[in-house]
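First up is the structure itself, then whatever we jot down about it.
The values are calculated or read from the model by the stated rules, or taken from the named source; none is laboratory data. Worth saying up front: this structure is predicted, and the values here are computed from it rather than measured. Don't worry about glycine lacking a Cβ; one is built from the backbone with ideal geometry, like all the others, and counts go over all protein chains shown.
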Amino acid sequence: MYRIINRKQIRQLRKMRFWRRRSSDLTKPRLCIFKSSRHIQAQVIDDAKGIVIACASSIEADVKATGLRGKTMAVKVGNLVAERAKKAGVGAVVFDRNGFTYHGRVQVLADSAREAGLQF
């Protein structure tokens, strides 16, 4: 019989593939993305210490007040998280797309964070 796998399970499989590679080297913090149908969030996490260094979200009041949606909102969030990470002293990160495909809002957020100065 064929196994029925839904989209959430496929995303979890992609996420675990990343963690198998990542668990051996925790020297750099990771830029972790989460997106829902309306919002997008990004965090710079130091897994060795177990702390969040910087974060940005489309739910924040200053981002929400701009009235942006979709990819333009992701650009704003990417710029914000890069600025906050640089202010905290982080220049290089590992990009964790959290099982989401590297397309659309995830790709735009990553590109804007790179342009704002984060290296990955």
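Below is a table of values for the structure above.
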read-out	value
Of all residues in the stretch 69-117 being within 12 Å of the chain's Cα centre (by Cα) and in a loop (DSSP other than H, G, I, E, B), the one that is nearest to ALA48 (Cα to Cα)	VAL93
Qualifying residue in the stretch 56-76 (condition: of a type in the set (Val, Ile, Thr), touching a residue at least 24 places away in the same chain (Cβ under 8 Å), surrounded by 19 or more Cβ atoms within 10 Å (Cβ to Cβ) and closer than 22 Å to ARG11 by Cα)	no
Number of positions in the stretch 1-35 that are more than 23 Å from PHE120 (Cα to Cα) and at pLDDT 95 or above	0
The one condition in (1) over 12 Å from the mean Cα position of the chain (by Cα); (2) within 22 Å of ARG114 (Cα to Cα); (3) of a type in the set (Lys, Arg) that ARG30 fails to fulfil	(1)
